[in-house]
Amino acid sequence: MPNPSILSQLCLALAAVVPKAAADSFYLRKTYDATNFFDEFAFNNTGTVTSQRDDNWSWVQYQNLENAAKKGLARVRDGQVYLGVDHTSQLSTSAAGRDSLRVVSRKTVKQGLLIANFTHLPNRVCGGWPAYWTLDEGQWPNAGEIDLYEGWNLNTNNKPAIHVGSPSIAGNCTVNPQDQTANAISTNCDNTFGNGYSQWLGQGCQSEETVNGIWASEAGGIQALVRTNDYIKIFTWPHHLASKNLAQNNISVSSWGKPSVHIKRAHCGINRAFQEQKILFTLPVCGNPPGTKQFWTELDGGSGVTCDKVTKEPTCESFVAKNPKAFENFYFQMKDLRWHEVRSPKVPTIPAPTNGSAPVNTLPRIPRAPLHIR
């Protein structure tokens, strides 16, 4: 007769292994592409502060889906999702702003793997501030913000950033530069922290992707956001360097190597600082920071020249108003956006012996986890 204690020990050993494997394995739950994107995402007229056109005073008029489609700002092009701005209208600086988009997913995501497959990314242009990010709709940034793709004006590299609430709300949350491939510009994710020399108020923990970046690429690129109880990771690849398993429905991230950005549970209370979030694509122009005097006339974003010198215009609004063609290539084009979830392992159990027989050895089963998209 088999020894019940041996079977119990075997199942306990399996149970110890399965959670780690499951934590790095993700299963496709939803694909957003040209067939459903415009149903699954809302086109908002304002930012989270509904009393103003944009949370950061950008010089824009965000369009709803009907108007965006009529004006060609949102459409299917070559079988893919196109999101752009008005690049034909000359404006007066007294106008309300250039027509643009703030696109927000109707459902939220939390723990899982999000893969964006871009075939074109917005070009570098003075006044531009493209972003692909996730955000909770509560009081900002108390439920966290993750900026995967962000930069402005003539920045030469993508500068992903993480923003969380104050320590009294989110706890301490920092990045260790040694854990990631992107250069850490600032390491404290607390949005209320600023010391006047290495980190400004509202900066959060910001990094700069200087190797194998995709910033402003006409060919696009791929970004993956991985979020678990133990970490938040951002991976960025040009298409030819992307992981070979991205097209699979079941994906393990264990072979992906060091991420571009890495938040560890050892340095951040992840489940306290980050709640369920929505996915955003935004294309603002001007505002704070890109249109401020400091960023227009003093800081060059690594390009070697400031926007006032390049454009011969004293302000961001004056350039954007007069030069619609400068924004012709200021658009996102995306093949798809794929959301994967973790399957939570179930600790195996040993059925009690019946009629003196040996216990049945049942293999551990990995059930489907409750959906985090809702």
Exercise for the section: Would you mind telling me which numbered condition in (1) among the small types (Gly, Ala, Ser); (2) at positive phi; (3) in contact with a Pro (Cβ under 6 Å, 6 or more places away or on another chain) residue 144 fails? Expected result: (3)
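Considering only region 321-330, state which residues are surrounded by 21 or more Cβ atoms within 10 Å (Cβ to Cβ) and either under 24 Å from residue 238 (Cβ atoms) or under 28 Å from the mean Cα position of the chain (by Cα) (or both).
Within region 321-330, 327, 330 qualify.
Among 98, 124, which is crowded, with 24+ Cβ neighbours inside 10 Å and either among the aliphatic types (A, V, I, L, M) or in contact (Cβ under 8 Å) with a residue 12 or more places away in the chain (or both)?
On the way: 124 fails: crowded, with 24+ Cβ neighbours inside 10 Å.
Answer to the check: 98.
Is it the case, given these coordinates, that residue 190 is among the acidic types (Asp, Glu) and buried (at least 18 other Cβ atoms within 10 Å of the Cβ)?
On the way: among the acidic types (Asp, Glu): yes; buried (at least 18 other Cβ atoms within 10 Å of the Cβ): yes.
It is true that residue 190 is among the acidic types (Asp, Glu) and buried (at least 18 other Cβ atoms within 10 Å of the Cβ).
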Exercise for the section: Scan region 116-147 for residues that are assigned to a strand (DSSP E or B), in contact with a Leu (Cβ under 6 Å, 6 or more places away or on another chain), of a type outside the set (Phe, Trp, Tyr) and under 18 Å from residue 216 (Cα atoms) and jot them down. Expected result: 116
Handout entry: Single residue of 207, 217 found to be in a loop (DSSP other than H, G, I, E, B), on the phi < 0 side of the Ramachandran plot and either polar (S, T, N, Q) or modelled with pLDDT under 95 (or both)
Key = 217
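Every residue, every condition in (1) crowded, with 23+ Cβ neighbours inside 10 Å; (2) among the basic types (Lys, Arg); (3) within 24 Å of residue 320 (Cα to Cα), yes or no:
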{"residue": "38", "(1), (2), (3)": "no, no, no"}
{"residue": "44", "(1), (2), (3)": "no, no, yes"}
{"residue": "83", "(1), (2), (3)": "yes, no, yes"}
{"residue": "92", "(1), (2), (3)": "no, no, yes"}
{"residue": "120", "(1), (2), (3)": "no, no, yes"}
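Residue by residue, here is whether (1) farther than 13 Å from residue 148 by Cα; (2) in contact with a helix residue (DSSP H, G or I) (Cβ under 8 Å, 6 or more places away or on another chain) holds:
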{"site": "203", "(1), (2)": "yes, no"}
{"site": "211", "(1), (2)": "yes, no"}
{"site": "217", "(1), (2)": "yes, no"}
{"site": "222", "(1), (2)": "no, yes"}
{"site": "231", "(1), (2)": "yes, yes"}
{"site": "234", "(1), (2)": "no, no"}
{"site": "262", "(1), (2)": "no, yes"}
{"site": "270", "(1), (2)": "yes, no"}
Problem - Evaluation of residue 156 against (1) farther than 25 Å from residue 305 by Cβ; (2) assigned to a loop (DSSP other than H, G, I, E, B) (one fails), failing number - result: (1)
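So how many residues does region 37-56 have that are of a type in the set (D, E, K, R) and assigned to a loop (DSSP other than H, G, I, E, B)? If you could, list the steps in order and put the result at the bottom.
Kept after step one, since they are of a type in the set (D, E, K, R), are these residues of region 37-56: 39-40, 53-55.
Still in the list and also assigned to a loop (DSSP other than H, G, I, E, B): 53-55.
Adding up the residues that qualify gives 3.
State the number of residues belonging to region 133-156 that are over 19 Å from residue 109 (Cβ atoms) and crowded, with 19+ Cβ neighbours inside 10 Å.
The first filter runs over region 133-156 and keeps only residues over 19 Å from residue 109 (Cβ atoms), leaving 139, 151-156.
So of that shortlist, the ones also crowded, with 19+ Cβ neighbours inside 10 Å come out as 151-155.
Number satisfying all stated conditions: 5.
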Exercise for the section: Output yes when any residue across region 257-267 is small (Gly, Ala, Ser), under 29 Å from residue 166 (Cβ atoms), modelled with pLDDT of 95 or more and buried (at least 21 other Cβ atoms within 10 Å of the Cβ), and no when none is. Expected result: yes
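State all residues of region 221-259 that are among the acidic types (Asp, Glu) and free of Cβ contacts under 8 Å to residues at least 24 places away in the same chain; if no residue qualifies, say none.
Looking only at region 221-259, we keep the residues that are among the acidic types (Asp, Glu), and these are 230.
None; the set is empty.
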Problem - Filtered residues of region 301-320 (kept if surrounded by fewer than 23 Cβ atoms within 10 Å (Cβ to Cβ) and either modelled with pLDDT under 95 or not charged (D, E, K, R) (or both)) - result: 301, 302, 303, 304, 305, 306, 310, 311, 314, 315, 318
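The values are calculated or read from the model by the stated rules, or taken from the named source; none is laboratory data. The model shown is predicted, which means the values in this text are computed figures rather than measured ones. Cβ sites come from the backbone with ideal geometry, for glycine too, and all protein chains shown count toward neighbours.
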